[in-house]
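All of the numbers you see were taken from the coordinates with simple rules; none came from a lab. Please read all numbers here as calculations on a predicted model, not as lab measurements. As a convention, Cβ positions derive from the backbone with ideal geometry for all residues, glycine included, and neighbour counts pool all protein chains shown.
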Amino acid sequence: MKKALIIFISLLLSSCIPYKIAPKFKNKDYKVMKAKKFQRKLARETSFIFKDPKDAYEFYNYINTKYSLDHNNVGLNSPITINDKTYFFTYHEVERTDQTANIGLVVTDLVLDEKLGITAFENNYSSRKGHWYIVITVYDEELKNCLLDKHPNKTEVLQHLKNMQQEYLKTHNYEELLFTKKS
């Protein structure tokens with residue numbers, strides 16, 4: 001019994017306890033959901049959300065180059081054409097974090113402070129790792145959200161967003177987009 005208690009306490013002290021976890025999309029590389037549920041500061045609009053492994057402003061550069069926007073209203077009601085229909089595209093880059101509490105370091109510092117009067121791990125009580133996501137909303141000319149289930153063009157808009165996501169993740173030089181055939 002005493003050995004089990006010692007093992008349990010040593011495991012507890014050497015572990016990191018997560019208290020904030022970034023979302024993972026099960027079996028998909030994207031999710032369609034209300035943006036407000038994903039991040040509180042966003043609007044209550046149904047959005048296409050995917051994880052962005054690239055550096056900051058890479059998606060901005062991609063959209064600016066792909067649609068030849070010349071740095072005017074990039075990602076803010078930018079016009080896009082899908083099957084000869086005009087839609088308006090808005091996106092946000094959002095950070096979600098994984099945060100953990102390092103209990104072992106807290107206890108070690110308490111013991112060191114009590115015995116020697118010093119704290120060695122004061123800045124390492126918790127750890128944080130950020131994950132970036134792109135949140136996209138698409139509206140038609142009547143300003144209706146195209147990602148709602150009842151919208152008649154949801155499937156073609158969703159397919160376009162999936163293709164855009166794949167193209168963005170695979171492309172490293174966005175100038176190449178100017179030379180590709182548009183379908």
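So, in nm, how far is label residue 61 from label residue 113 when the simple model puts each one 7 Å beyond its Cα toward the Cβ?
It works out to 4.5 nm between the two label points.
State log₁₀ I(q)/I(0) for segment 33-179 at q = 0.10, 0.19, 0.21 Å⁻¹ as given by the Debye formula over alpha-carbon point scatterers of equal weight, solvent excluded.
Listed by q, the Debye log ratios stand at -0.48, -1.15, -1.35.
Gain in length, residue 29 to residue 70, computed as 0.36 nm per residue apart minus the alpha-carbon separation, to one decimal in nm?
Full-extension gain reported as 11.8 nm.
Calculate, for residue 167 and residue 99, the FRET efficiency according to 1/(1 + (r/R0)^6) with r their C-beta to C-beta distance and R0 30 Å; round to the nearest 0.05.
Calculated transfer efficiency: 0.40.
What FRET efficiency would be calculated for the residue pair residue 77, residue 129, taking the C-beta separation as r and a Förster radius of 35 Å, to the nearest 0.05?
Result of the calculation: an efficiency of 0.60.
Between residue 84 and residue 44, what is the FRET efficiency for a Förster distance of 30 Å, r being their Cβ-Cβ separation, to the nearest 0.05?
Taking R0 as 30 Å, the efficiency between residue 84 and residue 44 is 0.50.
Where does each of 147, 116 land when they are ranked from fewest to most other beta-carbon atoms within 10 angstrom?
Ordered by Cβ neighbours within 10 Å, fewest first: 116, 147.
Return the sequence-ordered ³J(HN,Hα) values of segment 51-65 in whole Hz as given by the Karplus equation 6.51 cos²θ - 1.76 cosθ + 1.60 applied to θ = phi - 60°, using x for Gly and Pro.
Running phi through 6.51 cos²θ - 1.76 cosθ + 1.60 with θ = phi - 60° gives 6, 10, x, 8, 5, 4, 6, 5, 5, 4, 4, 4, 5, 4, 6 Hz.
What is the sum of charges, Lys and Arg at +1 and Asp and Glu at -1, for the other residues whose Cβ falls under 10 Å from the Cβ of residue 88?
The answer is -2.
Could you list, in their original order, any pairs among 34/162; 2/129; 66/129; 3/24; 34/54 whose Cα atoms are separated by more than 28 Å?
Correct reply: 2/129; 66/129; 3/24.
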